[in-house]
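Coordinate-derived values only; no laboratory data. Everything quoted here is computed from the prediction, not taken from an experiment. Every residue, glycine among them, receives a Cβ derived from its backbone with ideal geometry; neighbour counts consider all protein chains shown.
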C-alpha cells in the first residue's frame, strides 16, 4: 500500500513539474506585432509579423540577402489580410489572408503575395504565389532597429528597417 501511495505521489509530482515547465514560455528574440488600419476607401488591412532587429548587421548581405526570397519578418511568415477585393500596385487581389514575402534589392524590392497564409517563414512555396510586384527601395527617415510596418489612410503600406523603406499601394 505504501508503495502504491509513493508511486502515486511521484507520478503527480512529475506531471505537475512537467506542466509547469511547459507553461513557461521562452521569450522570442523577435517580438510579434500586428498593425491594423482602415483606408479612406473602407479597406481594412492587417499585417501580422515578428520584428527582427538589425543588431549591427547589413541588410542585403548579412540579413535579408539581396536577390533571395525573404519572409519579411522573423519566426512565422508575415501575413497580410484585406476585408474586400483590392488592387495592390494596380493588380487585382481578392479579399483574404495571405503571407507576405519579399525579394530585397538595392534599388527595388519584389513584393510577393502568397496564398498559404499560415506557414513557417522558412517554408516558402513559389507555386502558391498569387502575385508579385516590384517597387522602389526608399531611404527611411531615421534608422529603425526593429522591422516596423505602417499603414496610412490612403492605402500606402510601408515597412521600415535599418535605413530602408519599402512601400506599396493598396486600393
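Assign one of three labels to the stretch 60-171, namely rounded, prolate or oblate, based on the Cα gyration tensor with a ≥ b ≥ c the square roots of its eigenvalues; rounded applies when a/c is under 1.5, prolate when it is not and a/b is larger than b/c, and oblate otherwise.
Values: a/c = 1.62, a/b = 1.18, b/c = 1.37.
Because a/c hits 1.5 or more and a/b fails to exceed b/c, the stretch 60-171 counts as oblate.
Quick one: 93, 100, fewest Cβ neighbours within 10 Å first, how do they rank? If you can, show how the numbers build up before the last one.
Details: 93 18, 100 24.
So the ranking, lowest neighbour count to highest, is 93, 100.
Please rank 38, 122, fewest neighbouring Cβ atoms within 10 Å first, as an exposure proxy.
Values: 38 14, 122 10.
Result, fewest neighbours first: 122, 38.
Arrange 68, 171 by Cβ neighbour counts within 10 Å, fewest through most, would you? Could the numbers behind the result be given before it?
Details: 68 10, 171 13.
Sorted ascending by nearby Cβ count, the order is 68, 171.
For the stretch 28-45 and the stretch 92-123, what is the separation of their C-alpha centers, rounded to whole Å?
15 Å
Can you bin the stretch 102-157 into rounded, prolate or oblate? Criterion: square roots of the alpha carbon gyration tensor eigenvalues sorted a ≥ b ≥ c, rounded for a/c under 1.5, prolate for a/b above b/c, oblate for the rest.
Numbers: a/c = 1.68, a/b = 1.65, b/c = 1.02.
Cα axes put the stretch 102-157 in the prolate bin.
Sorted by packing (mean other beta-carbon atoms within 10 Å per residue), highest first, where do 74-84, 56-66 land? Walk me through the intermediate numbers first.
On the way: 74-84: 19.3, 56-66: 14.3.
Sorting 74-84, 56-66 by mean packing, highest first, produces 74-84, 56-66.
As an exercise, use a Förster radius of 35 Å and the Cβ-Cβ distance of residue 40 and residue 62 to find the FRET efficiency, rounded to the nearest 0.05.
Numbers: r = 39 Å, r/R0 = 1.11.
My answer for the efficiency is 0.35.
When you count, for each residue, the other Cβ atoms within 10 Å and take the mean per peptide, how do 154-161, 139-146 rank with the highest first?
Values: 154-161: 19.4, 139-146: 12.2.
My ranking of the peptides, most packed first, is 154-161, 139-146.
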